[in-house]
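Novice: Let me give you the structure first, and then I'll get to my questions.
The values are calculated or read from the model by the stated rules, or taken from the named source; none is laboratory data. Every value quoted in this text rests on a predicted model; they were computed, and no experiment measured them. With ideal geometry, Cβ positions are generated from the backbone for all residues, glycine too; neighbour counts draw on all protein chains shown.
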Amino acid sequence: MSDTNLIPSEPEKSQRKWIKPALLAGLVVIIALLPLLLSSPYFLHIMILTFIYIVAAVSLRTITISGQFPLAHGAFMGIGAYLAGMASRFLNWSPWLTIPSAALVTMGIGMLIGYPFARLRTLYYAMGSLFFGIGVVYIIQAGGAWTGGYSGFTGIQPMFGGSKMAYYYFFLGLALVSIIALYRFEFSRIGINLKAIAQSYLVASSVGINEGWYRILAVGVGCFFAGLAGAGYAHYNMVLSPGSFNFMATLWLVMYVLIGGIGSIAGPIIGTFILILIPEFFRDLKMYSPYISAAILIIIVYLMPQGLVSLPKLVRSWFTGSRKGERVTHAD
Amino acid sequence: MELAVATVVNWLIISSMYILTALGFAFLFNMLRILNFAHGAIYMIGGYICYIFIIGMGFNNWVALVLATLIVAAFGVFLERFCFRPFVGDFNRTVMICIAIVVILQTTVNIMVGEKTMAIPPFAEGVLRAGPISVSYERIVTFAIGAALLVIILWFVNRTKWGQQMQAISQHRIGAALQGINVYRISSIAFALGCALAAVAGCLMGAYLRLSPFMGDLMLVKVLIIVMLAGAGSLGGILITGLVLGALNAALPVLIPGAASDAVIITVIIVLLLIRPMGFFGYEVEL
């Protein structure tokens with residue numbers, strides 16, 4: 001009689017199934033209604049930046065499901081941003097045209113670069129993409145009149161005049177669309193193939209999965225959204241400087257992903273929120289605020305190696321003493 | 001003609017600076033298979049500690065150098081025990097903890113120093129003039145110490161017992177432990193040495209250039225280039241790749257002015273890396 005409790009009955013199961021999507025929808029509604037409560041331009045600005053970085057962080061994490069760890073994502077954001085900016089200023093295109101085209105060209109560049117880089121394994125791919133990212137910043141700095149060089153690039157057309165409310169909803173929508181698109185990508189046939197390549201490229205190739213093609217595809221998709229985020233940023237900020245897309249920017253994006261948890265789409269989202277919002281709370285500390293970010297990093301690294309998404313699991317295992325899903329460390 | 005001679009001298013000096021800074025990182029990478037992204041920050045902190053000893057406590061330059069090196073070496077032992085040993089084999093967490101170390105060190109120095117520009121007083125005064133060239137003794141000292149340290153480290157790795165134990169660990173950790181090598185103790189020694197090398201480089205460069213809380217960032221990129229081009233498994237290879245990078249950095253700005261030379265240098269590096277990803281003098285490693 002006691003084991004009937006282990007198997008949830010049919011009504012129970014279907015009841016539990018829509019709790020998660022309902023919670024998520026409720027969260028989105030709350031976020032959508034926030035500007036009506038706190039309409040300070042500063043709050044809107046922070047949330048807009050968060051949305052932009054969420055798109056970049058989630059797309060970076062999408063590339064990692066194929067086993068590659070790109071360290072050039074900030075630079076691809078920069079490519080998208082500068083392309084959109086240049087199209088807006090020199091060609092006078094409307095923002096609704098520059099943003100998608102910049103994203104597409106960034107995807108093209110990413111796939112072009114991904115082609116020679118696809119044969120590099122883990123560590124060497126990371127190093128190669130790191131150097132490429134640095135090179136992109138140098139190219140932007142050397143651009144002279146085209147890119148404004150060190151001093152920055154101005155003269156980009158804004159998307160919506162007036163208050164930041166319109167930007168807020170635009171970027172919220174952009175983030176939602178990107179998250180849903182990347183989620184569908186990950187759980188599609190292509191995404192499953194990518195995960196197969198990540199787990200064992202030898203077995204995957206033996207089953208007929210063209211490793212090189214899929215790796216380039218993963219990089220392309222990731223770079224599309226990075227370019228999208230960058231182009232959006234260009235039209236929001238209206239001023240670009242090469243320093244915002246350098247290696248430090250990439251490193252921050254990597255941290256957003258690692259802190260949130262690299263295993264799921266929710267990870268980078270949570271990580272971005274935490275690493276942008278918490279230092280803002282401590283803004284009064286000014287010079288001392290990097291300590292807060294470092295403290296968050298240290299806590300996560302030592303206590304929650306799987307990232308913040310694993311927090312419910314950790315709490316549950318702490319209470320019940322279960323060791324489900326605990327990482328088994330092998331001898332070597 | 002004079003420009004050519006000056007460029008050659010420049011090339012040797014720049015290369016020696018890069019190799020000196022890269023020694024600590026390459027040592028850790030080869031011996032422990034650890035990418036110590038905090039190398040730049042440790043290099044920076046070594047320079048600042050030396051500065052404190054010289055200016056704040058009035059020690060002699062060389063005494064301060066030795067003291068700073070010892071302190072940073074002790075710090076390296078602490079880092080190995082608490083920050084790197086728990087994460088052996090986990091690249092993600094190693095990167096995160098390195099970033100945390102860098103942020104903490106840079107913020108601390110930034111708070112204490114602020115916007116002041118400072119430099120360590122020179123280790124050697126005067127200028128050597130030989131024909132058309134004039135080189136300051138400072139640069140010659142840096143070059144000499146860099147060359148000496150490279151030779152010493154190569155001797156240490158190949159001829160001493162500790163060095164051979166480190167090689168064993170780098171080849172197969174478990175196998176080395178089965179032979180009775182105390183992996184933890186050797187790792188501590190290796191880390192102390194790596195950080196000590198970083199500190200020496202920081203002190204010398206802090207005297208030659210100036211001290212800044214972010215001087216490690218730029219250097220880390222050059223160090224990564226040198227070590228990646230050389231590859232894992234060859235400590236002496238960084239001599240060659242250091243000379244190559246030095247040649248690029250010395251010669252190209254003469255031909256292509258401005259920021260474009262940086263872009264060209266990086267392109268050359270990327271092409272070289274694509275030709276032979278595992279490095280020209282090393283073998284492929286799984287981190």
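Novice: Could you say whether any residue in the range A:306-328 is modelled with pLDDT of 85 or more, within 13 Å of chain B (Cβ to nearest Cβ) and either part of a helix (DSSP H, G or I) or crowded, with 17+ Cβ neighbours inside 10 Å (or both)? It would help to see each step written out before you state the result.
Specialist: To start, the set of residues in the range A:306-328 that are modelled with pLDDT of 85 or more comprises none.
No, the range A:306-328 contains no residue that is modelled with pLDDT of 85 or more, within 13 Å of chain B (Cβ to nearest Cβ) and either part of a helix (DSSP H, G or I) or crowded, with 17+ Cβ neighbours inside 10 Å (or both).
Novice: Here's a follow-up. Looking at the range B:49-62, can you tell me whether even one residue there is touching a residue at least 60 places away in the same chain (Cβ under 8 Å), closer than 26 Å to residue B:234 by Cα and not polar (S, T, N, Q)?
Specialist: no
Novice: I've got another one for you. Being assigned to a helix (DSSP H, G or I), of a type in the set (A, V, I, L, M, F, W, C) and within 14 Å of chain B (Cβ to nearest Cβ), is that true of even one residue in the range A:259-272?
Specialist: Looking only at the range A:259-272, we keep the residues that are assigned to a helix (DSSP H, G or I), and these are A:259-260, A:266-272.
Restricting the remaining residues to those that are of a type in the set (A, V, I, L, M, F, W, C) gives A:259, A:266, A:269-270.
Those left that are additionally within 14 Å of chain B (Cβ to nearest Cβ): A:259.
Within the range A:259-272, one or more residues are assigned to a helix (DSSP H, G or I), of a type in the set (A, V, I, L, M, F, W, C) and within 14 Å of chain B (Cβ to nearest Cβ).
Novice: Working only within the range B:261-275, note down all residues that are more than 7 Å from chain A (Cβ to nearest Cβ) and either over 28 Å from residue A:140 (Cβ atoms) or in contact (Cβ under 8 Å) with a residue 40 or more places away in the chain (or both). Let's see the steps before the verdict.
Specialist: The initial filter retains those residues of the range B:261-275 that are more than 7 Å from chain A (Cβ to nearest Cβ), namely B:261, B:264-265, B:268, B:271-272, B:275.
Matches in the range B:261-275: B:272 only.
Novice: For residue A:79, indicate whether it is within 30 Å of residue A:280 (Cβ to Cβ), part of a helix (DSSP H, G or I) and β-branched (Val, Ile, Thr).
Specialist: Numbers: within 30 Å of residue A:280 (Cβ to Cβ): yes; part of a helix (DSSP H, G or I): yes; β-branched (Val, Ile, Thr): yes.
Considered against the rule, which asks whether it is within 30 Å of residue A:280 (Cβ to Cβ), part of a helix (DSSP H, G or I) and β-branched (Val, Ile, Thr), residue A:79 comes out as yes.
Novice: Which count do you get for residues in the range B:251-260 that are more than 7 Å from every other protein chain (Cβ to nearest Cβ) and without any contact (Cβ under 8 Å) to a residue 40 or more places away in the chain?
Specialist: Step one: list which residues in the range B:251-260 are more than 7 Å from every other protein chain (Cβ to nearest Cβ), which gives B:251-257.
Subset that is without any contact (Cβ under 8 Å) to a residue 40 or more places away in the chain: B:252-253, B:255-257.
So the count comes out to 5.
Novice: Sticking with this structure for a sec: Determine which member of the set B:197, B:235 is surrounded by 23 or more Cβ atoms within 10 Å (Cβ to Cβ) and in a loop (DSSP other than H, G, I, E, B). If you could, list the steps in order and put the result at the bottom.
Specialist: Working: B:197 fails: in a loop (DSSP other than H, G, I, E, B).
Within the list B:197, B:235, the selection yields B:235.
Novice: While we're here: Would you list the helices (runs of 4 or more DSSP H) that sit entirely within the range B:113-192 and hold 2 or more residues that are of a type in the set (Val, Ile, Thr)? Steps first, please.
Specialist: Working: elements: B:137-159, B:161-171, B:173-178.
Of the helices (runs of 4 or more DSSP H) lying wholly inside the range B:113-192, those with at least 2 residues that are of a type in the set (Val, Ile, Thr) span B:137-159.
Novice: Take residue B:285 and decide whether it is assigned to a helix (DSSP H, G or I), touching a residue at least 60 places away in the same chain (Cβ under 8 Å), surrounded by 17 or more Cβ atoms within 10 Å (Cβ to Cβ) and facing chain A (nearest Cβ under 10 Å). Working first, answer last.
Specialist: Values: assigned to a helix (DSSP H, G or I): no; touching a residue at least 60 places away in the same chain (Cβ under 8 Å): yes; surrounded by 17 or more Cβ atoms within 10 Å (Cβ to Cβ): yes; facing chain A (nearest Cβ under 10 Å): yes.
Answer is no for this residue.
Novice: Also, I was wondering about something else. Starting from the range A:119-130, take each residue that is more than 7 Å from chain B (Cβ to nearest Cβ) and list its partners that are small (Gly, Ala, Ser) and crowded, with 20+ Cβ neighbours inside 10 Å, counting only C-beta distances under 6 angstrom and pairs at least six apart or across chains.
Specialist: A:129/A:72
Novice: Tell me which residues, restricted to the range B:64-122, are more than 14 Å from chain A (Cβ to nearest Cβ), within 21 Å of residue B:37 (Cα to Cα) and of a type in the set (A, V, I, L, M, F, W, C).
Specialist: B:68, B:70, B:71, B:72, B:73, B:74, B:75, B:77, B:78
Novice: While we're here: Can residue B:198 be described as over 10 Å from residue B:21 (Cα atoms) and out of contact with any strand residue (DSSP E or B) (no Cβ under 7 Å at 6 or more places or on another chain)? Explain how you work it out, then say what you get.
Specialist: On the way: over 10 Å from residue B:21 (Cα atoms): no; out of contact with any strand residue (DSSP E or B) (no Cβ under 7 Å at 6 or more places or on another chain): yes.
Here the answer is no, as residue B:198 does not meet what is asked.
Novice: Let me ask something else. What is the one condition in (1) more than 10 Å from every other protein chain (Cβ to nearest Cβ); (2) closer than 25 Å to residue B:286 by Cα; (3) within 21 Å of the chain's Cα centre (by Cα) that residue A:109 does not satisfy?
Specialist: The single condition residue A:109 does not satisfy is (2).
Novice: OK, next. Restricting to the range A:155-164, count the residues that are within 19 Å of residue A:43 (Cβ to Cβ) and surrounded by fewer than 20 Cβ atoms within 10 Å (Cβ to Cβ). Break it down into steps so the answer makes sense when it comes.
Specialist: First, the residues of the range A:155-164 that are within 19 Å of residue A:43 (Cβ to Cβ): A:160, A:162-164.
Now drop any that are not surrounded by fewer than 20 Cβ atoms within 10 Å (Cβ to Cβ), which leaves A:160, A:162-163.
Final tally of qualifying residues: 3.
Novice: Would you confirm whether any residue within the range A:85-102 is crowded, with 19+ Cβ neighbours inside 10 Å, touching a strand residue (DSSP E or B) at 6+ places or on another chain (Cβ under 7 Å) and of a type outside the set (Lys, Arg)? Spell out the reasoning first.
Specialist: Taking the range A:85-102 first, the residues crowded, with 19+ Cβ neighbours inside 10 Å are A:85-88, A:95, A:98-99, A:102.
Of the ones still in play, those that are also touching a strand residue (DSSP E or B) at 6+ places or on another chain (Cβ under 7 Å) are A:85.
With the extra rule that they be of a type outside the set (Lys, Arg), the set shrinks to A:85.
Yes; the residues of the range A:85-102 include at least one that is crowded, with 19+ Cβ neighbours inside 10 Å, touching a strand residue (DSSP E or B) at 6+ places or on another chain (Cβ under 7 Å) and of a type outside the set (Lys, Arg).
Novice: In addition: Report whether or not residue B:216 is away from chain A (no Cβ under 14 Å), surrounded by 18 or more Cβ atoms within 10 Å (Cβ to Cβ) and within 18 Å of the chain's Cα centre (by Cα).
Specialist: On the way: away from chain A (no Cβ under 14 Å): no; surrounded by 18 or more Cβ atoms within 10 Å (Cβ to Cβ): yes; within 18 Å of the chain's Cα centre (by Cα): yes.
Judged against the criteria, residue B:216 is not a match.
Novice: Follow-up. Can you name the helices (runs of 4 or more DSSP H) wholly within the range A:165-248 that have at least 3 residues being surrounded by fewer than 16 Cβ atoms within 10 Å (Cβ to Cβ)? Don't jump to the end; show me each part of the working.
Specialist: Working: elements: A:165-186, A:189-199, A:201-207, A:211-237.
The qualifying helices (runs of 4 or more DSSP H) are A:165-186, A:189-199, A:201-207.
Novice: Same structure again: Which condition from (1) crowded, with 16+ Cβ neighbours inside 10 Å; (2) at pLDDT below 85 is the one that residue A:278 breaks?
Specialist: So residue A:278 meets the others, but not (1).
Novice: Of everything in the range A:281-301 that's within 14 Å of chain B (Cβ to nearest Cβ) and surrounded by fewer than 16 Cβ atoms within 10 Å (Cβ to Cβ), which residue is farthest from residue A:252 (Cα to Cα)?
Specialist: To start, the set of residues in the range A:281-301 that are within 14 Å of chain B (Cβ to nearest Cβ) comprises A:282, A:285-301.
Filter again for surrounded by fewer than 16 Cβ atoms within 10 Å (Cβ to Cβ), leaving A:282, A:285-288, A:295, A:299.
Details: A:282: 18, A:285: 20, A:286: 18, A:287: 18, A:288: 18, A:295: 15, A:299: 17 Å.
Taking the candidates together, the pick is A:285.
Novice: Residue B:240 versus (1) away from chain A (no Cβ under 11 Å); (2) surrounded by fewer than 23 Cβ atoms within 10 Å (Cβ to Cβ); (3) in a loop (DSSP other than H, G, I, E, B); (4) touching a Phe, Trp or Tyr at 6+ places or on another chain (Cβ under 9 Å): which is the lone unmet condition?
Specialist: (3) is the only condition that residue B:240 fails.
Novice: May I ask you to list the residues in the range A:133-156 that are facing another protein chain (nearest Cβ under 8 Å) and out of contact with any Phe, Trp or Tyr (no Cβ under 8 Å at 6 or more places or on another chain)?
Specialist: Quick first cut of the range A:133-156, residues facing another protein chain (nearest Cβ under 8 Å) only: A:134-135, A:138-139, A:141-142, A:149-150.
A:135, A:138, A:139, A:142, A:149, A:150 - these are the residues of the range A:133-156 that are facing another protein chain (nearest Cβ under 8 Å) and out of contact with any Phe, Trp or Tyr (no Cβ under 8 Å at 6 or more places or on another chain).
Novice: Here's a follow-up. In the range A:163-177, is there at least one residue being more than 14 Å from every other protein chain (Cβ to nearest Cβ) and in contact with a strand residue (DSSP E or B) (Cβ under 9 Å, 6 or more places away or on another chain)? Before the answer, list the steps.
Specialist: Quick first cut of the range A:163-177, residues more than 14 Å from every other protein chain (Cβ to nearest Cβ) only: A:163-177.
Still in the running and in contact with a strand residue (DSSP E or B) (Cβ under 9 Å, 6 or more places away or on another chain): none.
Among the residues of the range A:163-177, not one is more than 14 Å from every other protein chain (Cβ to nearest Cβ) and in contact with a strand residue (DSSP E or B) (Cβ under 9 Å, 6 or more places away or on another chain), which makes the answer no.
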